[in-house]
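Taken together, the values in this text are just the output of simple stated rules run on the coordinates, not laboratory data. Since the model is a prediction, treat every value here as computed from it, not as a measurement. Please note: Cβ atoms are built from the backbone with ideal geometry, for glycine as well, and neighbour counts cover all protein chains shown.
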Amino acid sequence: MVELNGDERLDYLLAENLRIIQSPSVFSFSLDAVLLSRFVNVPIQKGKIVDLCSGNGVIPLLLSTRTKGTITGVEIQERLYDMAQRSMDYNGVTSQIEMIHGDIKEIPKQIGYSKYDVVTCNPPYFPTPSIEEINKNEHFAIARHEIMCNLEDVMRVSSQLLRQGGKAAFVHRPGRLMDILHFMRMYRIEPKRLQFVYPKSSKEANTILIEGIKDGNPDLKILPPLVVYNDQNEYNPEIRRILYGEE
């Protein structure tokens, strides 16, 4: 059994035989997190992985199905950290996944520099707006806007955590691509793989997936586009496979 608080619910984690605690008033994972967990290259048998801005722990849980390596999730919001920790306990994965309640800007000092094989992050996408524009829900505001950390913080910390040759992968918005490339190179994460995600083939891309290697050689590959919906507003086969394990 698992203790649920307030409007929390225990959801199935799509294609995986896992459950995750979610709350519509606090946090529910999106397709972005699922895509990132499938896009990133991870060591299969062993390795050390860190997921920054973990929310309710969806990416660590999904990564645990792809690797036997150890995974550390970092989340600054205590409520989300608590939800993530209870999800790890429920799924019996605490020997593989450790959740830390903390600020990513301080995490290298806490867990160590230059010792991790992979870093992932689904960061806040938007610069902090004016007080009048910001979401009144504190949890949503912190998840969506650069209040607790910004894009440069994410890249700097990722580089500090990674060993030489380690990989970092991010999901973000196309409008921030130039900023992403700038900060990746500034902090010695050479962009290597980039994929654009389109809601439909007739629409503009609304998501990007990007992976880089610390101190890697310049050689950026643009992967085939990923289109989420067909003209009937149904998931395309590749998305169904990612979400539900269906061919």
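For region 16-30, the Karplus equation 6.51 cos²θ - 1.76 cosθ + 1.60, evaluated at θ = phi - 60°, returns couplings of 8, 7, 9, 10, 9, 7, 9, 9, x, 8, 10, 6, 9, 5, 10 Hz by residue, with Gly and Pro reported as x. Beta-bridge orientation, region 177-247: approximately 70 percent antiparallel, per DSSP, counting only bridges with both partners inside.
Using only Cα atoms, what is the ratio of the radius of gyration of region 1-96 to 2.2 N^0.38 Å? Can you show the working numbers first?
Details: Rg = 12.5 Å, N = 96, 2.2 N^0.38 = 12.5 Å.
The reported ratio for this selection is 1.01.
Around Leu61, what is the net charge, scoring Lys/Arg as +1 and Asp/Glu as -1 over all other residues with Cβ under 14 Å from its Cβ? Walk me through the numbers on the way to the answer.
Details: positive: Arg19, Arg38, Arg66, Arg86; negative: Asp11, Glu16, Asp51, Glu75, Asp89, Glu98.
Net charge around Leu61: -2.
With 0.36 nm allotted per residue and the present C-alpha distance subtracted, the Glu152-Arg9 stretch has 48.1 nm of extension available. With each label modelled as a point 7 angstrom along the Cα→C-beta vector, the Ser201-Arg185 pair spans 3.4 nm.
Charges were assigned to the Cβ only: +1 to each Lys and Arg, -1 to each Asp and Glu. The resulting dipole of region 173-247 about its Cα centre is roughly 300 debye.
Filter the cross-link list Lys105/Lys203; Lys46/Lys203; Lys68/Lys203; Lys68/Lys214; Lys48/Lys203; Lys48/Lys221 down to pairs whose alpha-carbon distance in this structure exceeds 30 Å. Correct reply: Lys105/Lys203; Lys46/Lys203; Lys68/Lys203; Lys48/Lys203.
For the chain, the residue among Ile239, Met83, Ile189 whose Cα projects farthest onto the positive side of the dipole built from Cβ charges is Ile189. Each peptide among 86-93, 172-179 gets the average number of other Cβ atoms lying within 10 Å of its residues, and from highest to lowest they stand as 86-93, 172-179.
The Rg/Rh ratio for the chain is 0.94, where Rg is the radius of gyration of the alpha carbons and Rh is the Kirkwood radius.
Per DSSP H run of n ≥ 4, the term is -39500 (n - 2.57); total these for the chain, divide by its residue number, and report the mean residue ellipticity at 222 nm rounded to 500 deg cm²/dmol. Each step should come with its number before you reach the end.
Details: 8 runs with 70 residues, N = 247.
About -8000 deg cm²/dmol.
Taking other residues whose beta carbon is less than 14 angstrom from the beta carbon of Gln232, and scoring Lys, Arg as +1 and Asp, Glu as -1, yields 0. Under 5 Å between amide hydrogens, built in the peptide plane, is the criterion, and for Thr120 it picks out Val50, Asp51, Leu52, Ala169 among residues at least 5 positions away or on other chains.
Let me spell out the model: positive unit charges on the Cβ of Lys and Arg, negative unit charges on the Cβ of Asp and Glu, origin at the Cα centre of the chain. What dipole size does that give, in debye rounded to 20? Working shown, then result.
Values: 29 positive and 32 negative charges, 192 e Å.
The calculation lands at about 920 debye.
Antiparallel as a % of all DSSP beta bridges within the chain, to the nearest 5?
Values: 20 of 44 bridges.
Among the beta bridges of the chain, antiparallel pairing accounts for roughly 45 percent.
Taking amide H as placed 1.01 Å from N in the peptide plane, the amide H of Arg19 sits under 5 Å from that of Leu13, each at least 5 places away or on another chain.
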